[in-house]
Amino acid sequence: MTQDIVSSTIARHQGQEGPLLPILHELQHTLGYIPREALPQIAQALNLSRAEVHGVVSYYHHFRTEKPTAPVLQVCRAESCQAMGADRLWDHAQAHGGCQVEAVYCLGLCASSPAAMLGEEPLGRLTPEKLDEVLG
Ligand code: FES
């Protein structure tokens with residue numbers, strides 16, 4: 001199943017210019033992570049070295065190679081969100097449990113700081129109370 005998804009994702013993007021990032025994004029969107037076992041297959045299909053593919057995956061904090069154990073909550077810890085209380089939100093999210101909390105540095109939602117993403121859902125002007133509602 002996962003192997004089929006990896007193969008079809010590669011095939012869908014292989015003819016494009018600069019296919020590596022679209023493949024990585026689609027795999028993470030579809031599977032929730034990029035299986036480590038897929039990296040050699042991607043490298044071979046794109047005529048890249050394994051080191052090049054690994055370098056891209058490890059460079060971007062967005063990409064993960066381990067399957068999340070719970071819904072992923074990305075809390076923005078960059079300047080705008082920090083100024084609007086992201087540190088308090090970060091502490092609250094970690095104490096809440098029930099989700100895998102990750103730090104990110106700007107989600108492009110600065111006008112709605114403090115911001116976070118729960119899976120693919122953007123959350124703006126977030127407070128600890130709103131976060132409790134969202135996480136249940
Ligand atoms: S600084 Fe948090 S979304 Fe930009």
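The values are calculated or read from the model by the stated rules, or taken from the named source; none is laboratory data. Fair warning: this is a prediction, and the values are worked out from it, not measured in the lab. Cβ: placed from backbone, ideal geometry, glycine included. Neighbour counts: every protein chain shown. What goes into the accessible areas is simple: the full protein's heavy atoms, side chains included, and nothing from ligands, DNA or RNA. Shrake-Rupley method; radii C 1.70, N 1.55, O 1.52, S 1.80 Å.
Annotations for the structure displayed:
- Scanning segment 51-75 for residues that are touching a helix residue (DSSP H, G or I) at 6+ places or on another chain (Cβ under 7 Å) and within 16 Å of the ligand (Cβ to nearest atom) yields Leu73, Val75.
- Enumeration of residues in segment 116-126 that are assigned to a loop (DSSP other than H, G, I, E, B) and open to solvent by 50 Å² or more (accessible area, probe 1.4 Å): Glu120, Arg125
- The residues listed here are Ala11, Ala38, Ala43; of these, the one that is among the aliphatic types (A, V, I, L, M), over 27 Å from Pro71 (Cβ atoms) and open to solvent by less than 50 Å² (accessible area, probe 1.4 Å) is Ala43.
- Whichever residue in segment 76-115 is buried (at least 17 other Cβ atoms within 10 Å of the Cβ) and more than 9 Å from the ligand (Cβ to nearest atom) and, among such residues, is farthest from the chain's Cα centre (by Cα): His92
- Within segment 14-32, the residues that satisfy the criterion of being open to solvent by less than 40 Å² (accessible area, probe 1.4 Å) and in a loop (DSSP other than H, G, I, E, B) are Pro19, Gly32.
- Unmet criterion (only one of (1) open to solvent by less than 80 Å² (accessible area, probe 1.4 Å); (2) assigned to a loop (DSSP other than H, G, I, E, B)) for His61: (1)
- Scanning segment 74-102 for residues that are more than 16 Å from Arg125 (Cβ to Cβ), assigned to a strand (DSSP E or B) and of a type outside the set (S, T, N, Q) turns up Val101, Glu102.
- Out of Leu135, Leu118, sole residue that is under 30 Å from Pro35 (Cβ atoms), away from the ligand (no atom under 16 Å from the Cβ) and in contact (Cβ under 8 Å) with a residue 40 or more places away in the chain: Leu135
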